[in-house]
Amino acid sequence: MYRTEIDQVRRFNRAFTKRIGVLEESYLARGRPLGEARVLFEIGLSGGIGLQPLRQRLGLDSGYLSRLIRSLETQGMVELVRDERDARARQARLTTKGQVEFEAYDRLSDVAAQRLLGSLREPDRKLVVKAMAQIEHLLRAASVAVALEPADSPDARSCLEQYYAELARRFPSGFDPLAGNNFDPAEMTPPKGWFVVARLDGEPVGCGALKTLDDGIGEVKRVWTSPSARGLGVASRIMERLEALASEAGFDLLRLDTNGTLKEAQAMYAKRGYRAIPRYNDNPYAEHWFEKEL
(Lines give C-alpha, C1' and ligand atoms only; values in the text may rest on other atoms or scores of the structure.)
Protein backbone atom coordinates (compact mmCIF):
# COMPACT_ATOMS: atom_id res chain seq x y z
CA MET A 1 0.00 0.00 0.00
CA TYR A 2 1.13 3.55 -0.74
CA ARG A 3 1.52 6.12 2.04
CA THR A 4 -0.80 8.49 0.16
CA GLU A 5 -3.57 5.83 0.15
CA ILE A 6 -3.25 5.25 3.87
CA ASP A 7 -3.27 8.98 4.57
CA GLN A 8 -6.42 9.41 2.46
CA VAL A 9 -8.26 6.66 4.36
CA ARG A 10 -7.34 8.23 7.68
CA ARG A 11 -8.40 11.71 6.55
CA PHE A 12 -11.72 10.33 5.34
CA ASN A 13 -12.30 8.50 8.63
CA ARG A 14 -11.60 11.65 10.66
CA ALA A 15 -13.80 13.86 8.50
CA PHE A 16 -16.70 11.43 8.34
CA THR A 17 -16.78 10.46 12.02
CA LYS A 18 -16.81 14.17 12.92
CA ARG A 19 -19.54 14.96 10.38
CA ILE A 20 -21.98 12.25 11.50
CA GLY A 21 -21.53 12.78 15.22
CA VAL A 22 -19.61 9.63 16.17
CA LEU A 23 -17.51 11.62 18.64
CA GLU A 24 -20.49 13.05 20.52
CA GLU A 25 -21.26 11.68 23.98
CA SER A 26 -24.98 11.77 23.20
CA TYR A 27 -25.54 10.47 19.68
CA LEU A 28 -28.45 12.29 17.98
CA ALA A 29 -29.12 13.96 21.35
CA ARG A 30 -30.79 10.83 22.79
CA GLY A 31 -28.59 10.52 25.87
CA ARG A 32 -26.32 7.62 24.91
CA PRO A 33 -23.15 7.13 22.83
CA LEU A 34 -23.15 5.72 19.31
CA GLY A 35 -22.22 2.18 20.42
CA GLU A 36 -25.34 1.78 22.55
CA ALA A 37 -27.50 3.53 19.96
CA ARG A 38 -26.31 1.22 17.18
CA VAL A 39 -26.90 -1.95 19.21
CA LEU A 40 -30.40 -0.76 20.15
CA PHE A 41 -31.15 0.11 16.53
CA GLU A 42 -29.85 -3.23 15.22
CA ILE A 43 -32.01 -5.17 17.68
CA GLY A 44 -35.05 -3.15 16.64
CA LEU A 45 -34.27 -3.51 12.95
CA SER A 46 -34.09 -7.29 13.37
CA GLY A 47 -37.21 -7.56 15.52
CA GLY A 48 -35.11 -9.50 18.03
CA ILE A 49 -31.77 -11.21 17.45
CA GLY A 50 -29.47 -13.74 19.13
CA LEU A 51 -26.43 -12.36 20.89
CA GLN A 52 -23.98 -14.35 18.78
CA PRO A 53 -25.45 -13.22 15.42
CA LEU A 54 -25.60 -9.66 16.78
CA ARG A 55 -21.94 -9.78 17.76
CA GLN A 56 -20.94 -11.12 14.35
CA ARG A 57 -23.10 -8.62 12.48
CA LEU A 58 -21.57 -5.64 14.28
CA GLY A 59 -18.06 -7.10 14.57
CA LEU A 60 -17.94 -6.52 18.32
CA ASP A 61 -15.94 -8.19 21.05
CA SER A 62 -18.23 -10.38 23.15
CA GLY A 63 -17.23 -8.64 26.39
CA TYR A 64 -17.90 -5.19 24.95
CA LEU A 65 -21.26 -6.27 23.54
CA SER A 66 -22.21 -7.69 26.95
CA ARG A 67 -21.49 -4.32 28.57
CA LEU A 68 -23.57 -2.48 25.96
CA ILE A 69 -26.48 -4.90 26.40
CA ARG A 70 -26.26 -4.63 30.19
CA SER A 71 -26.43 -0.83 29.97
CA LEU A 72 -29.47 -0.98 27.67
CA GLU A 73 -31.14 -3.45 30.05
CA THR A 74 -30.54 -1.07 32.95
CA GLN A 75 -32.16 1.72 30.92
CA GLY A 76 -35.20 -0.51 30.33
CA MET A 77 -34.64 -0.57 26.57
CA VAL A 78 -33.73 -4.21 26.02
CA GLU A 79 -34.64 -7.57 27.52
CA LEU A 80 -32.91 -10.92 27.13
CA VAL A 81 -35.10 -13.97 26.53
CA ARG A 82 -34.41 -17.61 25.78
CA ASP A 83 -33.92 -18.28 22.09
CA GLU A 84 -36.78 -20.51 20.92
CA ARG A 85 -34.47 -22.27 18.41
CA ASP A 86 -31.69 -22.94 20.93
CA ALA A 87 -32.49 -23.21 24.64
CA ARG A 88 -28.82 -22.60 25.48
CA ALA A 89 -28.74 -19.24 23.67
CA ARG A 90 -30.31 -15.90 24.52
CA GLN A 91 -32.02 -13.40 22.26
CA ALA A 92 -32.13 -9.64 22.68
CA ARG A 93 -35.47 -7.90 22.14
CA LEU A 94 -36.67 -4.34 22.56
CA THR A 95 -39.07 -3.49 25.36
CA THR A 96 -41.98 -1.15 24.69
CA LYS A 97 -39.78 1.70 25.88
CA GLY A 98 -36.98 0.47 23.62
CA GLN A 99 -39.30 0.37 20.62
CA VAL A 100 -40.17 4.04 21.18
CA GLU A 101 -36.46 4.86 21.31
CA PHE A 102 -35.80 2.83 18.14
CA GLU A 103 -38.45 4.82 16.28
CA ALA A 104 -36.92 8.07 17.54
CA TYR A 105 -33.49 7.04 16.28
CA ASP A 106 -34.98 6.03 12.94
CA ARG A 107 -36.66 9.42 12.55
CA LEU A 108 -33.64 11.44 13.67
CA SER A 109 -31.30 9.44 11.42
CA ASP A 110 -33.41 10.51 8.45
CA VAL A 111 -33.18 14.12 9.59
CA ALA A 112 -29.39 13.87 9.98
CA ALA A 113 -29.02 12.36 6.50
CA GLN A 114 -31.23 15.09 5.02
CA ARG A 115 -29.16 17.75 6.78
CA LEU A 116 -25.93 16.29 5.41
CA LEU A 117 -27.26 16.10 1.85
CA GLY A 118 -28.95 19.47 2.12
CA SER A 119 -25.62 21.16 2.78
CA LEU A 120 -24.42 20.16 -0.70
CA ARG A 121 -25.20 21.50 -4.16
CA GLU A 122 -27.28 19.05 -6.24
CA PRO A 123 -24.38 17.81 -8.45
CA ASP A 124 -22.23 17.28 -5.36
CA ARG A 125 -25.12 15.56 -3.56
CA LYS A 126 -25.51 13.06 -6.37
CA LEU A 127 -21.76 12.49 -6.44
CA VAL A 128 -21.62 11.86 -2.67
CA VAL A 129 -24.55 9.42 -2.74
CA LYS A 130 -23.02 7.52 -5.67
CA ALA A 131 -19.63 7.38 -3.95
CA MET A 132 -21.23 6.16 -0.71
CA ALA A 133 -23.00 3.35 -2.57
CA GLN A 134 -19.74 2.30 -4.20
CA ILE A 135 -17.81 2.40 -0.93
CA GLU A 136 -20.53 0.39 0.82
CA HIS A 137 -20.43 -2.22 -1.96
CA LEU A 138 -16.63 -2.54 -1.83
CA LEU A 139 -16.53 -2.75 1.97
CA ARG A 140 -19.22 -5.46 1.96
CA ALA A 141 -17.21 -7.42 -0.60
CA ALA A 142 -14.09 -7.09 1.54
CA SER A 143 -16.03 -8.42 4.55
CA VAL A 144 -16.75 -11.80 2.94
CA ALA A 145 -14.85 -14.63 4.65
CA VAL A 146 -14.52 -18.17 3.26
CA ALA A 147 -13.71 -20.96 5.71
CA LEU A 148 -13.66 -24.74 5.88
CA GLU A 149 -16.87 -26.23 7.24
CA PRO A 150 -18.12 -29.78 7.87
CA ALA A 151 -20.12 -30.78 4.82
CA ASP A 152 -23.05 -31.85 7.01
CA SER A 153 -23.13 -28.78 9.30
CA PRO A 154 -26.41 -26.84 9.60
CA ASP A 155 -25.06 -23.91 7.56
CA ALA A 156 -23.68 -26.24 4.89
CA ARG A 157 -27.04 -28.01 4.61
CA SER A 158 -28.86 -24.69 4.45
CA CYS A 159 -26.65 -23.47 1.61
CA LEU A 160 -27.09 -26.71 -0.31
CA GLU A 161 -30.85 -26.69 0.12
CA GLN A 162 -31.02 -23.15 -1.27
CA TYR A 163 -28.70 -24.16 -4.11
CA TYR A 164 -30.89 -27.14 -5.03
CA ALA A 165 -34.03 -25.01 -4.87
CA GLU A 166 -32.51 -22.49 -7.25
CA LEU A 167 -31.47 -25.17 -9.73
CA ALA A 168 -34.98 -26.63 -9.59
CA ARG A 169 -36.36 -23.21 -10.55
CA ARG A 170 -33.84 -22.49 -13.27
CA PHE A 171 -33.42 -25.85 -15.02
CA PRO A 172 -36.15 -26.49 -17.64
CA SER A 173 -36.60 -30.05 -16.38
CA GLY A 174 -36.21 -29.21 -12.70
CA PHE A 175 -33.49 -30.65 -10.47
CA ASP A 176 -33.28 -33.79 -8.36
CA PRO A 177 -30.10 -33.89 -6.21
CA LEU A 178 -30.36 -37.70 -6.02
CA ALA A 179 -30.54 -38.23 -9.78
CA GLY A 180 -27.06 -39.51 -10.51
CA ASN A 181 -25.35 -36.52 -8.93
CA ASN A 182 -25.73 -37.30 -5.24
CA PHE A 183 -23.82 -35.25 -2.67
CA ASP A 184 -22.05 -37.47 -0.15
CA PRO A 185 -20.64 -35.47 2.80
CA ALA A 186 -18.02 -38.18 3.34
CA GLU A 187 -16.54 -37.37 -0.08
CA MET A 188 -16.25 -33.71 0.95
CA THR A 189 -14.49 -34.46 4.25
CA PRO A 190 -10.67 -34.39 4.59
CA PRO A 191 -8.60 -36.14 3.39
CA LYS A 192 -11.02 -37.14 0.59
CA GLY A 193 -12.48 -33.70 0.06
CA TRP A 194 -13.30 -30.30 1.49
CA PHE A 195 -16.32 -28.08 1.93
CA VAL A 196 -16.24 -24.31 2.40
CA VAL A 197 -18.85 -21.76 3.43
CA ALA A 198 -18.70 -18.05 2.63
CA ARG A 199 -20.06 -15.69 5.29
CA LEU A 200 -20.93 -12.02 5.30
CA ASP A 201 -21.34 -10.45 8.75
CA GLY A 202 -21.55 -13.96 10.16
CA GLU A 203 -24.36 -15.08 7.86
CA PRO A 204 -23.74 -17.92 5.34
CA VAL A 205 -24.01 -16.52 1.79
CA GLY A 206 -22.33 -19.18 -0.33
CA CYS A 207 -20.63 -22.54 -0.48
CA GLY A 208 -18.45 -24.80 -2.56
CA ALA A 209 -16.90 -28.26 -2.41
CA LEU A 210 -13.78 -30.06 -3.61
CA LYS A 211 -13.53 -33.83 -3.93
CA THR A 212 -10.94 -36.30 -5.14
CA LEU A 213 -11.79 -37.46 -8.64
CA ASP A 214 -8.69 -39.50 -9.50
CA ASP A 215 -4.96 -39.57 -8.79
CA GLY A 216 -3.81 -35.98 -9.01
CA ILE A 217 -7.25 -34.80 -10.15
CA GLY A 218 -9.80 -32.94 -8.07
CA GLU A 219 -13.36 -31.94 -8.87
CA VAL A 220 -15.12 -28.72 -7.87
CA LYS A 221 -18.77 -29.11 -6.91
CA ARG A 222 -21.73 -27.14 -5.54
CA VAL A 223 -20.39 -23.60 -6.00
CA TRP A 224 -23.28 -21.31 -5.06
CA THR A 225 -23.85 -17.72 -3.93
CA SER A 226 -26.95 -16.40 -2.21
CA PRO A 227 -28.89 -13.84 -4.29
CA SER A 228 -28.47 -11.42 -1.37
CA ALA A 229 -24.68 -11.40 -1.88
CA ARG A 230 -24.34 -11.54 -5.64
CA GLY A 231 -22.16 -8.90 -7.22
CA LEU A 232 -19.70 -9.03 -4.31
CA GLY A 233 -17.32 -11.56 -5.88
CA VAL A 234 -18.34 -14.33 -3.46
CA ALA A 235 -18.12 -17.12 -6.05
CA SER A 236 -14.63 -16.00 -7.06
CA ARG A 237 -13.55 -16.00 -3.41
CA ILE A 238 -14.94 -19.52 -3.03
CA MET A 239 -13.11 -20.69 -6.16
CA GLU A 240 -9.85 -19.13 -4.94
CA ARG A 241 -10.12 -21.05 -1.67
CA LEU A 242 -10.99 -24.33 -3.38
CA GLU A 243 -8.10 -23.97 -5.83
CA ALA A 244 -5.73 -23.21 -2.94
CA LEU A 245 -6.95 -26.33 -1.12
CA ALA A 246 -6.48 -28.35 -4.31
CA SER A 247 -2.88 -27.17 -4.63
CA GLU A 248 -2.19 -27.95 -0.97
CA ALA A 249 -3.64 -31.44 -1.51
CA GLY A 250 -1.25 -32.05 -4.41
CA PHE A 251 -3.77 -32.02 -7.25
CA ASP A 252 -2.31 -31.18 -10.64
CA LEU A 253 -5.66 -30.76 -12.37
CA LEU A 254 -9.11 -29.53 -11.46
CA ARG A 255 -12.31 -30.44 -13.29
CA LEU A 256 -15.91 -29.31 -13.03
CA ASP A 257 -19.17 -29.40 -14.94
CA THR A 258 -22.15 -27.09 -15.30
CA ASN A 259 -25.53 -26.79 -16.95
CA GLY A 260 -26.05 -24.66 -20.06
CA THR A 261 -28.58 -22.52 -18.18
CA LEU A 262 -25.89 -21.25 -15.79
CA LYS A 263 -24.28 -18.73 -18.13
CA GLU A 264 -22.74 -16.71 -15.31
CA ALA A 265 -20.95 -19.81 -14.01
CA GLN A 266 -19.53 -20.60 -17.44
CA ALA A 267 -18.27 -17.02 -17.78
CA MET A 268 -16.59 -17.16 -14.35
CA TYR A 269 -14.87 -20.46 -15.10
CA ALA A 270 -13.56 -19.18 -18.44
CA LYS A 271 -12.30 -16.01 -16.74
CA ARG A 272 -10.44 -18.11 -14.18
CA GLY A 273 -8.61 -20.08 -16.87
CA TYR A 274 -10.74 -23.21 -17.16
CA ARG A 275 -10.92 -24.65 -20.67
CA ALA A 276 -13.74 -26.67 -22.22
CA ILE A 277 -13.18 -30.44 -22.45
CA PRO A 278 -15.25 -33.47 -23.53
CA ARG A 279 -17.67 -35.10 -21.08
CA TYR A 280 -15.85 -36.83 -18.23
CA ASN A 281 -18.78 -37.94 -16.01
CA ASP A 282 -22.38 -39.18 -16.11
CA ASN A 283 -24.01 -36.20 -14.39
CA PRO A 284 -27.43 -36.01 -16.13
CA TYR A 285 -27.63 -32.24 -15.63
CA ALA A 286 -24.15 -31.44 -16.99
CA GLU A 287 -23.91 -29.94 -20.48
CA HIS A 288 -20.46 -28.33 -20.30
CA TRP A 289 -17.23 -29.69 -18.82
CA PHE A 290 -14.07 -27.79 -17.91
CA GLU A 291 -10.60 -28.34 -16.49
CA LYS A 292 -7.69 -26.24 -15.29
CA GLU A 293 -4.07 -27.13 -14.65
CA LEU A 294 -2.77 -26.00 -11.27
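The values are calculated or read from the model by the stated rules, or taken from the named source; none is laboratory data. Since we're looking at a predicted model, the values are computed, not measured. No Cβ is skipped: glycine too gets one built from the backbone with ideal geometry, and neighbour counts run over all protein chains shown. Calculation scope for accessible area: heavy atoms of the full protein, side chains included, ligands and nucleic acids excluded. Shrake-Rupley method; radii C 1.70, N 1.55, O 1.52, S 1.80 Å.
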Open item on the list: Could you check the spin-label model distance between Arg10 and Glu122? Points 7 Å from the Cα along Cα→Cβ, value in nm.
Closed with: 4.0 nm
Task: Net length gained if the chain between Asp110 and Leu80 were fully extended (0.36 nm per residue, minus Cα distance) - done: 8.0 nm
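I'd like to check one number: the per residue accessible area of the chain, probe 1.4 Å, reported in Å² as a whole number.
Result: 58 Å² per residue.
With +1 assigned to the C-beta of every Lys and Arg and -1 to the C-beta of every Asp and Glu, and no other charges, what is the dipole magnitude of the range 94-210 about the Cα centre in debye, to the nearest 20?
Its charge dipole is roughly 580 debye.
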- [ ] Kindly count the pairs of lysines across the chain whose alpha carbons are less than 19 Å apart, treating pairs on different chains or eight or more residues apart as eligible.
- [x] 10
- [ ] Taking the Cβ of Ser119 as the centre, find all other residues whose Cβ is under 11 Å away and add up their charges (Lys, Arg: +1; Asp, Glu: -1).
- [x] +3
Open item on the list: Let me spell out the model: positive unit charges on the Cβ of Lys and Arg, negative unit charges on the Cβ of Asp and Glu, origin at the Cα centre of the range 74-120. What dipole size does that give, in debye rounded to 20?
Closed with: 120 debye
TODO: Rounded to whole Hz and in sequence order, give me ³J(HN,Hα) for the range 218-229 from the Karplus expression 6.51 cos²θ - 1.76 cosθ + 1.60, θ = phi - 60°, writing x for Gly and Pro.
DONE: x, 10, 8, 9, 6, 7, 8, 10, 5, x, 5, 10
Task: Range in the chain, longest, excluding exposed GluC sites (Glu not before Pro) [loop by DSSP; at most 14 other beta-carbon atoms within 10 Å] - done: 85-286
Task: Charge dipole magnitude, Cβ of K and R +1, D and E -1 - the chain, Cα centre, debye nearest 20 - done: 1320 debye
TODO: Find how much the distance from Ala179 to Glu203 grows on full extension, using 0.36 nm per residue of separation minus their present alpha carbon separation; answer in nm with one decimal.
DONE: 5.7 nm
Open item on the list: Would the range 158-248 count as rounded, prolate or oblate if I go by the C-alpha gyration tensor, calling it rounded below 1.5 in a/c and otherwise prolate when a/b exceeds b/c, oblate otherwise?
Closed with: oblate
Open item on the list: Need the full-extension length gain, Glu248 to Ala165, defined as separation in residues times 0.36 nm minus the C-alpha distance. One decimal, nm.
Closed with: 26.7 nm
Open item on the list: Need one number: nm distance between label points at Glu103 and Asp214, each 7 Å from Cα along Cα→Cβ, rounded to one decimal.
Closed with: 6.7 nm
Task: the range 205-223 residues near the modelled Arg279 label - backbone nitrogen below 17 Å, point 7 Å along Cα→Cβ - done: none
TODO: Using Cα pairs closer than 8 Å and at least 6 residues apart in sequence, work out the relative contact order for the range 1-65, in percent.
DONE: 13 percent
- [ ] Report relative contact order for the chain in percent, whole number only (criteria: Cα-Cα under 8 Å, sequence separation at least 6).
- [x] 11 percent
Task: Relative intensity, log₁₀ I(q)/I(0), of the range 71-190 from a Debye sum that treats every alpha carbon as a point, q = 0.10, 0.16, 0.22 Å⁻¹ - done: -0.74, -1.03, -1.18
Open item on the list: Run the paramagnetic zone check for Thr261: 7 angstrom along Cα to Cβ, then residues of the range 155-175 with backbone nitrogen under 13 Å.
Closed with: 163-175
Open item on the list: Going by Cα centres, the range 66-108 and the range 215-250 are how many Å apart?
Closed with: 38 Å
- [ ] Tally up the carbon and sulfur contribution to the accessible surface of the range 33-97 as a whole percent, 1.4 Å probe, everything protein left in place.
- [x] 46 percent
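Which residues make up the longest stretch of the chain clear of trypsin sites (Lys or Arg not before Pro) that lie in a DSSP loop with no more than 10 other Cβ atoms within 10 Å, not counting the sites?
No qualifying site falls inside 122-294, the longest such stretch.
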